[in-house]
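Data first, discussion second: the structure below is written as structure tokens.
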Amino acid sequence: MTVEQVEPRTGGKAGRTTATGAGKDIRARRGLLLGRHAAFRRRLFSWAGRSILFLVTAASASAVMFIFFYVVKEAIPFFLQCGVSEFLLSTRWYPSREPPEFGALAIFFGSAMVSLGAALFAVPVGVAAAVCLSDILPFKVRQAIKPAIEILAAIPSVAYGFFALVVFAPLLQEQGGKVLAAATLLLLVPLAILASLAAGGMAAPRLLPGNPRFGRYALTAAFAAAGVGAAWWLSGSLAKIEISSGTNALNVSIILGIMALPTVISVSEDALQAVGRELREASYALGATRAETIIRVVMPAAASGILAAVLMGFMRAIGETMVVWMASGNSAKIPSPFYNYLEPVRTLTATIAGDMGEADHVTGSARYHVLFAMAASLLAISLACNAASEWIARRARRKMAGE
Amino acid sequence: MERERIAVRIGWTSLAGAVLVAAVLSRTSAAEDKKIVVDGSTTVGPIAKAFAEHFMQQNPGVKVTVAESGSGNGAKSLINGTCDVANMSRFMKKEEFKAATERDVFPVAHVVALDGLAVVVHPSNPVKELTRAQVADIYMGKITNWKEVGGPDAKIVVVSRDTNSGTYEAFEDLVMKKQKMAEGVEYVGSNGAVRQRVQTTPGAIGYVGLGFVDETIKALKIDGVEPSKDTVRSGRYPVARPLFMFTNGYPKPGSHVHSFVTLHMTKKGQEMVEAIGFIPVTDYK
């Protein structure tokens with residue numbers, strides 16, 4: 001039985017190979033001499049395939065256009081009813097009152113405040129991490145760390161919001177001063193040491209030309225002592241602060257900063273990687289140290305790419321909704337003094353998410369259209385940021401190609 | 001020959017048309033009996049939705065649709081005859097009654113539940129009671145420190161529901177008396193979120209539906225009255241209001257609409273009202 005089965009199988013296999021070989025030959029020959037029908041069919045299919053692909057692409061592009069058109073169309077009735085000046089200049093936000101007041105200045109301010117705060121946190125950390133990834137860590141370590149950073153981008157924003165509300169806000173209320181002090185130390189001390197290492201190395205030949213090695217150590221130590229001392233003093237004064245409400249601009253800024261980190265890191269790392277090996281090697285060949293190479297050669301060359309990364313991180317922060325709705329406190333008020341990050345703020349995105357109820361839709365009132373006015377403003381801001389970062393990135397590419 | 005064929009075709013077509021029209025007619029007439037349209041307040045909406053779900057399980061074939069377009073729109077729909085039951089978190093106004101009777105609609109109110117709001121603080125807060133005027137002053141920003149109302153020297157963190165919610169509307173109605181809240185008030189999106197904020201913030205004050213009060217937050221006496229089911233039902237607790245369903249006339253006993261608007265009188269109805277966080281009008285044990 002088994003022998004009989006084996007035999008035809010091998011025979012069949014051999015037969016099939018020859019058959020397919022012959023088929024290929026025939027098909028290849030046919031490809032050169034297509035009949036009229038076959039040629040027509042082929043052209044028809046290729047035309048159909050191309051048009052389907054075009055339609056799919058056009059649909060996604062026109063979706064963007066449609067959203068833009070719809071948002072602007074729904075925003076216009078608000079400006080016709082209530083004018084522009086109250087919306088942009090007043091801070092009185094009482095949409096549910098009779099008569100309603102739609103002053104959104106404080107809300108614009110809140111959005112700007114948390115986005116700026118997020119950028120202040122994400123840019124130094126993100127750029128330092130990008131430099132470390134691209135120029136300092138060995139290749140294998142980098143391969144392990146990059147995916148870990150990208151996981152940050154995969155965490156859903158509601159999870160960040162939940163963390164901000166349930167863990168971070170109470171922590172800020174109970175241990176506010178200590179948390180602030182520890183955070184400043186953790187952030188500023190490494191940055192101060194890094195900066196003093198770089199600055200010491202670079203300043204020594206100029207300030208103490210006699211004994212470069214001694215000068216480098218002495219200056220580095222002096223800079224580091226000054227930097228760490230300043231950080232220590234700052235954290236000491238921050239430790240005395242008491243935070244009455246943990247859902248405030250600071251909380252949201254830090255969480256948004258963490259959320260913007262993956263964007264900032266990966267885009268600026270790409271920019272640093274794009275700086276050619278030749279530049280680095282030329283710099284080393286001229287006797288520059290690694291710090292000098294990074295700070296004075298690589299980073300200037302990648303500056304526009306890094307700037308684009310910063311803008312993209314800023315956009316990520318300004319468009320984020322869930323975290324700010326859950327953890328910013330949502331008070332439509334400019335903090336006093338205006339740089340006080342420990343007071344609750346309200347952002348454009350949170351206002352749209354929070355005020356968009358079924359009831360408003362039915363009434364179709366100014367209260368409904370004002371949210372579209374906000375959405376249109378957000379669209380305008382992110383379009384401007386997008387255009388700017390695109391322009392910067394393109395200019396950078398051209399510059400790199402030219403060099 | 002040709003004419004004959006056309007005639008046959010016309011015959012068949014008209015027959016099919018007649019069958020179709022009859023089918024549509026019978027369907028709509030059947031649907032009219034077996035459909036309850038509910039519209040109105042977003043506060044009462046959850047009760048109506050729970051009732052509807054239960055009702056459709058008990059009476060398969062009856063369709064109950066619940067829309068939440070606000071009390072005023074509910075009244076409008078009842079007057080225009082576009083809904084059978086209007087949910088309202090306030091009583092009907094004079095003009096609404098006028099408009100209704102002009103159209104031969106006679107609104108009858110069914111109180112399906114009571115909505116009591118508890119003013120809550122952190123359990124560690126020594127303050128035990130406030131007057132309604134003091135609560136309003138806190139929300140207006142006139143009182144900003146707990147020591148002004150007999151508490152410790154700490155800033156008051158004022159937490160409110162978002163302006164879109166029925167809870168906010170009730171609070172504005174019963175406590176704020178149409179005065180504006182301060183700009184520094186924090187807004188959160190749900191009763192649960194208010195509780196979360198208050199239980200973790202020592203200086204916080206907030207308000208939640210009575211059903212959301214638990215041991216992690218402290219409910220204050222208002223004008224000297226403890227908030228509880230009994231004080232709300234007896235009308236002594238001031239931050240409370242009845243929730244209504246309005247029908248056109250008293251519905252015929254035994255009809256679907258009648259059993260729908262009297263569902264709150266049953267034990268199951270009481271349980272559903274309690275589960276949503278309102279106070280039932282009945283007290284079955």
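Here the sum of -39500 (n - 2.57) over DSSP H runs of 4 or more residues, divided by the residues of chain A, equals -26500 deg cm²/dmol at 222 nm, to the nearest 500.
Measuring between alpha carbons in the structure, the pairs from B:Lys49/B:Lys93; A:Lys240/B:Lys221; B:Lys177/B:Lys285; B:Lys177/B:Lys229 lying more than 29 angstrom apart are A:Lys240/B:Lys221; B:Lys177/B:Lys285.
For helix B:267-276, report the angle its Cα long axis makes with the longest principal axis of the Cα atoms of chain B; keep it between 0 and 90° and round to the nearest 10°. Tilt of helix B:267-276: around 60 degrees.
Straight-distance candidates among the aspartates and glutamates for linking to B:Lys34, with alpha-carbon spacing under 15 Å and chain neighbours fewer than 8 residues away dropped: B:Glu53, B:Asp84.
Roughly how many percent of the accessible protein surface of chain A is carbon and sulfur, given a 1.4 Å probe and a whole-percent answer? Roughly 70 percent, rounded to a whole number. Rg/Rh for segment B:68-107 stands at 0.91; both radii use Cα atoms, and Rh follows the Kirkwood definition. Considering only alpha-carbon pairs that sit under 8 angstrom and 6 or more positions apart, the relative contact order computed for chain A is 24 percent. Applying the Karplus relation 6.51 cos²θ - 1.76 cosθ + 1.60 with θ = phi - 60° to segment A:88-99 yields 3J(HN,Hα) values of 8, 10, 9, 9, 8, 10, 10, x, 9, 7, 10, x Hz, where x marks Gly and Pro.
Per residue of chain B, the DSSP helices (runs of n ≥ 4 H) give a summed -39500 (n - 2.57) that works out to -12000 deg cm²/dmol at 222 nm. DSSP beta bridges fully contained in segment B:115-240 are about 60 percent antiparallel.
Remark on B:Ala113: its backbone amide H falls under 5 Å from those of B:Leu243, a criterion applied only to residues 5 or more positions apart or on other chains, H modelled at 1.01 Å from N.
Scattering from segment B:115-240 was approximated by placing one identical point on each alpha carbon and applying the Debye formula without solvent; log10 I(q)/I(0) at 0.15 1/Å stands at -0.59. Seen from a random direction on average, the alpha-carbon convex hull of segment A:234-303 projects onto 7.2 square nanometres.
Computed from the Kirkwood radius of its Cα pairs, the Stokes-Einstein diffusion coefficient for the protein assembly as shown at 25 °C and 0.890 mPa s stands at 78 µm²/s. Mean projected area of the convex hull spanned by the Cα atoms of chain A, taken over all viewing directions: 37.1 nm². Quick note on segment A:115-272: its Rg to Rh ratio, both from C-alpha atoms and Rh being the Kirkwood radius, is 1.05. Since only A:Val228, A:Val127, A:Ser266 are under comparison, the one whose Cα sits farthest along the positive direction of the charge dipole of chain A, derived from C-beta charges on Lys, Arg, Asp and Glu, is A:Ser266. Under 20 Å of direct C-alpha separation, and excluding same-chain neighbours fewer than eight residues apart, B:Lys178 reaches these aspartates and glutamates: A:Glu98, A:Glu101, A:Asp355, A:Asp360, B:Asp115, B:Asp137, B:Asp162, B:Glu169, B:Glu186, B:Asp223. Look at the dipole of the protein assembly as shown built from charges on Cβ: of A:Leu238, B:Gly269, A:Val297, the Cα furthest out on the positive end belongs to A:Val297. The smallest convex shape that holds all Cα atoms of chain B, its convex hull, gives 179 Å³ per residue. Between B:Val261, B:Val239, B:Val108, the GNM of chain B built on Cα springs shorter than 10 angstrom shows B:Val108 fluctuating the most.
The values are calculated or read from the model by the stated rules, or taken from the named source; none is laboratory data. All values reported here derive from a predicted model rather than from experimental measurement. Don't worry about glycine lacking a Cβ; one is built from the backbone with ideal geometry, like all the others, and counts go over all protein chains shown. Each accessible area value is taken on the protein alone, full model and side chains, heavy atoms only, with ligands, DNA and RNA left out. Shrake-Rupley method; radii C 1.70, N 1.55, O 1.52, S 1.80 Å.
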